[in-house]
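Beneath this line is the structure, given in structure tokens, with notes to follow.
The values are calculated or read from the model by the stated rules, or taken from the named source; none is laboratory data. In this text the structure is predicted, and so the values were computed from the model without any measurement. So basically every Cβ, Gly included, is an ideal-geometry build from the backbone, and we count neighbours across all protein chains shown. For accessibility, only protein heavy atoms count, side chains too; no ligands or nucleic acids. Shrake-Rupley method; radii C 1.70, N 1.55, O 1.52, S 1.80 Å.
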Amino acid sequence: MTLPEPHCAHNANDLSAVESRSRWYKKPMLDFWQSLLAALERLAMLPSLIHSVLPSLPSRKRTRDAVRTHERPMDDLLREIQRLLEAPLDPEKLLHMSGRLQDQFSPKLQASDICMLPSYNHKLPTGREQGTYLALDVGGSTFRVAVVELNGQQPAAKSMRIVSMKSFKIDESVRQLRGSQFFDWMAERIETAISDSQLKNINGATTFPMGLAWSFPVEQTSTRSGNLLAMGKGFRATEDTLGQDLSELIMAPCRKRNLPVRLDSIVNDSSATLLSRAYEDPATRFAVILGTGFNIAVHLPTSTLASSKYKGYPQKWRDEATHVLVNTELSMFGGKTVFPMTRWDEQLNEAHVRPDFQPFEHMISGRYLGELVRLIIVEAVRTAGLFGGEIPDKLSQAYSLDAGTIAALEIDESKNLANGIALFQSRHPTSRPPTYNDIHFVRQVSQLVAHRAAAFLAAGIHALWMLRTTSEGLTPETAGKMAIGCNGSIIEKYPLFRELCQSHLDELTTASGAEPKSISLEVAVESAIFGAAVAVCCLEA
């Protein structure tokens, strides 16, 4: 993409007038003075010159020449970006954001059908449960079937072990399977996975209890059932099956194949992460999902939510449950009343297909980190001459810069950022390779955007920690230690993200009166698979 050409106040006739005047002078000395005069006039008439001369030049050269009139120095823009993104990171300001989030929680805990949603999972594992389970993990691009062994706290044995796992790609042809055809496809893959000779009669089991981690919306009606909701992402599995029981949709084709399985539990990805981490660390009470999207699951006293939130729950469940896993849908909280928004945040929100729907996610998740950096790059190209004033390939398109690219720039330790330059040029080429200064600018902006995201996540976790602390009748001083299971590409793999979030979290909890390092962020490995298995074992306890 080339830059728009400046508006012209003069026309080409002005230039020809200058040229005709020069022909009156023949002597070399006079030619010299005329040339000087013409140069001065050209400076005064720069917009006209750009209009009349540059159209004859190649478009990329025209762009580079035009930006010699950029509005501000690059360093000046970078200082402003740094000020806007770092100003909110003061502990007092983050504590204020936490308080505003807590204010937003209160009405949603009383009445909301889209956030602060209780699940049917109310038991956490002790870590001593043992057994072998079949774990199903259905995501947007992959269906995995694993045999998981839970060994409890036996010495010299891993507490959780994947005995066998098969992965099946969900490509476009699978996404196009309509209604029951998709679930027939799933049953066929389950049959393939358990037909392995190594798995037959494992532990003497005649029937495999199954747990399902379902990464799509579902209206849960019990621990093992739920009504199928629109899946999105191009899936046609809900055609003629929308609103039907997900458990029965899976089990019906399994029964036709005489498969020795039964579906005992359905969990979402955040609940699976919490359960898997709690099996290894009994202090776990939260789970953070932060990759392309964002969510947090929390273990809370049932009394924290209004009784209307449990409408339709069996009386037996109500009598037994003292706590419940809550899907907070924290991505829907926040907004400009909580978080200071820059002009780039506002641009992202205004252009979004659903403005203001998930404001917290817009500021911290993988899908949006790259977009915020892209918006800043576009402004820097247009106003400060970044990349020589030429917008790199595709970067004029929304969401064309992914978090993986900016993460790679952050960890580049090559001399003069040579690797980063090569990577950026390969993914977003320009007519000339980026300079060290270009990539150094993008890298610094990426670091600032990611650091702000880590700090804002810390504020969100602190707000939920305060909610849980008061709901349990505790104070920050008496709350004790708590672990958080973490899953997702950003919180697991983005350079220093988890460490930065942990640092801000330590500041906030200590400032609130808690003992140092009261909360620890712990990566939950293979959380969907292990969590699906742990969800089943919790029902057997």
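When you scan the range 112-119, do you find a residue that is in a helix (DSSP H, G or I), of a type outside the set (A, V, I, L, M, F, W, C), closer than 29 Å to residue 325 by Cα and touching a residue at least 60 places away in the same chain (Cβ under 8 Å), even just one?
No, the range 112-119 contains no residue that is in a helix (DSSP H, G or I), of a type outside the set (A, V, I, L, M, F, W, C), closer than 29 Å to residue 325 by Cα and touching a residue at least 60 places away in the same chain (Cβ under 8 Å).
Going through the range 431-482 one residue at a time, which ones are surrounded by fewer than 21 Cβ atoms within 10 Å (Cβ to Cβ), closer than 20 Å to residue 327 by Cβ and aliphatic (A, V, I, L, M)?
Of everything in the range 431-482, just one residue is surrounded by fewer than 21 Cβ atoms within 10 Å (Cβ to Cβ), closer than 20 Å to residue 327 by Cβ and aliphatic (A, V, I, L, M), namely 482.
Among the residues of the range 323-353, what is the count of those that are in contact with a helix residue (DSSP H, G or I) (Cβ under 6 Å, 6 or more places away or on another chain) and hydroxyl-bearing (Ser, Thr, Tyr)?
2
Please list, ordered by first then second residue, the pairs with beta carbon atoms under 8 Å, 6 or more apart or interchain, first in the range 335-346 and farther than 14 Å from residue 86 by Cβ and in the same structural domain as residue 369 (by the TED database), second charged (D, E, K, R) and assigned to a loop (DSSP other than H, G, I, E, B).
Close Cβ pairs (under 8 Å, with a partner that is charged (D, E, K, R) and assigned to a loop (DSSP other than H, G, I, E, B)) amount to 335/356.
Would you pick out the residues in the range 500-516 that are of a type outside the set (S, T, N, Q) and touching a residue at least 24 places away in the same chain (Cβ under 8 Å)?
500, 501, 504, 505, 507, 508, 511, 513, 514, 515
Residues that are over 25 Å from the mean Cα position of the chain (by Cα), modelled with pLDDT under 95 and over 19 Å from residue 265 (Cβ atoms): does the range 138-149 have at least one?
no
Can you go through 109, 84, 89 and tell me which one is of a type in the set (A, V, I, L, M) and open to solvent by 40 Å² or more (accessible area, probe 1.4 Å)?
84
If you check 450, 458, 408, which single one turns out to be in contact with a Cys (Cβ under 8 Å, 6 or more places away or on another chain) and either assigned to a helix (DSSP H, G or I) or outside the structural domain of residue 381 (by the TED database) (or both)?
Unique residue meeting the criteria: 458.
Would you check if residue 211 is at pLDDT below 95 and surrounded by 13 or more Cβ atoms within 10 Å (Cβ to Cβ)?
No; evaluated as a whole, the condition is false for this residue.
How many residues does the range 413-447 hold that are β-branched (Val, Ile, Thr) and assigned to a helix (DSSP H, G or I)?
Of the residues in that region, 4 qualify.
Among (1) in the same structural domain as residue 493 (by the TED database); (2) in contact with a Ser or Thr (Cβ under 9 Å, 6 or more places away or on another chain); (3) buried (at least 19 other Cβ atoms within 10 Å of the Cβ), where does residue 305 come up short?
The number of the failed condition is (2).
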